[in-house]
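Note sheet for the following structure.
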Amino acid sequence: MKAANCYSPAKWIALLGLCFPLVCFAQADDAASKGPERIVWSKAPIAIPLVVGEERLVHFPDSVSIGLPQALTPLLRSQSINGTVYLLAKHSFEPTRVMVRSETDGPMYVLDISAAPGHPEGRSLSDMQILLETPQDAGAADSKYGNRSRPWGYAALTRYAAQQLYAPTRLIPRQSGVIAIPVNGEPVDLVYGAKVEAVPVAAWKVGLQYVTAVKLTNRTQRAVVLDPRELRGSWLAATFQHNRLLPADNEADTTAVYLVSDRPFDVAL
């Protein structure tokens with residue numbers, strides 16, 4: 001029987017103060033290296049060309065809902081999930097005005113969506129990422145929308161995840177543009193060798209990046225030293241809360257790893 005639960009906020013975590021150094025991984029995925037087409041929302045309608053039969057993703061700073069004109073409903077399939085709108089044209093159509101509404105405190109976006117047949121040797125269209133304008137003067141840098149256009153570093157994403165899970169309520173940051181993602185709290189095959197059980201506990205999306213907190217528990221009777229090279233999946237960065245686990249049923253047999261990726265956890269795994 002354990003004397004104390006090392007997974008509790010008081011003893012198990014120190015808001016990254018004791019974290020094993022963050023490890024970044026080179027991105028080797030060709031599709032990911034292509035990168036999205038970035039457009040800053042300036043209240044002017046944004047043209048979204050589509051290729052018939054090819055799904056295109058449009059990423060927004062926060063969760064949105066899309067309203068299609070009735071005439072466009074049989075021609076275009078649209079789905080909005082966690083700040084990403086998935087568009088699939090079934091037939092060609094001329095540019096049509098579509099409204100996209102922020103579900104938080106963001107603006108109303110105006111899109112001009114069109115679709116045309118693809119060419120046999122044509123290249124696929126890249127994703128689109130819509131950003132909000134950042135005020136030029138320093139005094140306006142903390143305005144209502146300014147901070148949502150700034151990219152988050154891997155360390156900031158990791159720190160945010162740890163604070164959301166374990167900081168006192170009064171210290172938990174509330175950031176616009178950060179979307180909580182549901183996770184399946186079942187064990188996953190994350191660490192090679194089957195010596196460590198891995199269970200996702202929470203995840204968030206910021207722009208085109210995801211950060212997932214995964215609970216790690218030693219299931220052997222020997223101490224285990226954690227190594228990021230032994231993690232399955234395609235990760236941009238990995239940070240262990242502690243890099244050494246004591247044998248099973250010890251107070252320090254559990255820790256966490258924070259994984260940053262450019263796709264949802266189950267896809268990156």
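The values are calculated or read from the model by the stated rules, or taken from the named source; none is laboratory data. Remember, it's a predicted structure, so these values are computed and weren't measured experimentally. Quick reminder, even Gly has a Cβ in these numbers, built from the backbone with ideal geometry, and neighbours come from all protein chains shown.
Among the residues that make up region 157-177, is at least one of them outside any helix (DSSP H, G or I), small (Gly, Ala, Ser) and either at pLDDT 85 or above or touching a strand residue (DSSP E or B) at 6+ places or on another chain (Cβ under 9 Å) (or both)? There is at least one residue in region 157-177 that is outside any helix (DSSP H, G or I), small (Gly, Ala, Ser) and either at pLDDT 85 or above or touching a strand residue (DSSP E or B) at 6+ places or on another chain (Cβ under 9 Å) (or both). Quick check on Leu259: is it modelled with pLDDT of 90 or more and hydrophobic (A, V, I, L, M, F, W, C)? Against the criterion (modelled with pLDDT of 90 or more and hydrophobic (A, V, I, L, M, F, W, C)), Leu259 qualifies.
Regarding region 207-222, can at least one residue be identified that is surrounded by fewer than 20 Cβ atoms within 10 Å (Cβ to Cβ), touching a helix residue (DSSP H, G or I) at 6+ places or on another chain (Cβ under 7 Å), at pLDDT below 90 and within 23 Å of Ile81 (Cα to Cα)? Checked region 207-222: at least one residue is surrounded by fewer than 20 Cβ atoms within 10 Å (Cβ to Cβ), touching a helix residue (DSSP H, G or I) at 6+ places or on another chain (Cβ under 7 Å), at pLDDT below 90 and within 23 Å of Ile81 (Cα to Cα).
Each row is one residue, and each column tells you yes or no for (1) over 24 Å from Gly177 (Cβ atoms); (2) at pLDDT 85 or above; (3) under 19 Å from the mean Cα position of the chain (by Cα).
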| site | (1), (2), (3) |
| --- | --- |
| Gly17 | yes, no, no |
| Pro49 | yes, yes, no |
| Ser63 | no, no, yes |
| Gly67 | no, yes, no |
| Leu76 | yes, yes, no |
| Arg97 | yes, yes, no |
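Quick check: anything in region 114-127 loosely packed, with under 13 Cβ neighbours inside 10 Å, farther than 20 Å from Leu259 by Cβ and modelled with pLDDT of 80 or more? Reasoning before the result, please.
Pass one, region 114-127, residues loosely packed, with under 13 Cβ neighbours inside 10 Å: 117, 119-124.
Among the residues that remain, those that are also farther than 20 Å from Leu259 by Cβ are: 117, 119-124.
Of the ones still in play, those that are also modelled with pLDDT of 80 or more are 117.
Within region 114-127 (the criterion being loosely packed, with under 13 Cβ neighbours inside 10 Å, farther than 20 Å from Leu259 by Cβ and modelled with pLDDT of 80 or more), the answer is yes, since at least one residue qualifies.
Could you list, ordered by first residue, the pairs with Cβ atoms under 6 Å in which the first is in region 104-117 and in the same structural domain as Leu57 (by TED's automatic domain parsing) and farther than 17 Å from Ala71 by Cα and the second is at pLDDT 85 or above and assigned to a strand (DSSP E or B), at least 6 apart or interchain? What qualifies is Met108/Arg101; Tyr109/Val100. Take the residues in region 82-95 that are among the hydrophobic types (A, V, I, L, M, F, W, C) and more than 15 Å from Met128 (Cα to Cα); name whichever of them is nearest to the chain's Cα centre (by Cα). Checking each candidate, the answer is Ala89.
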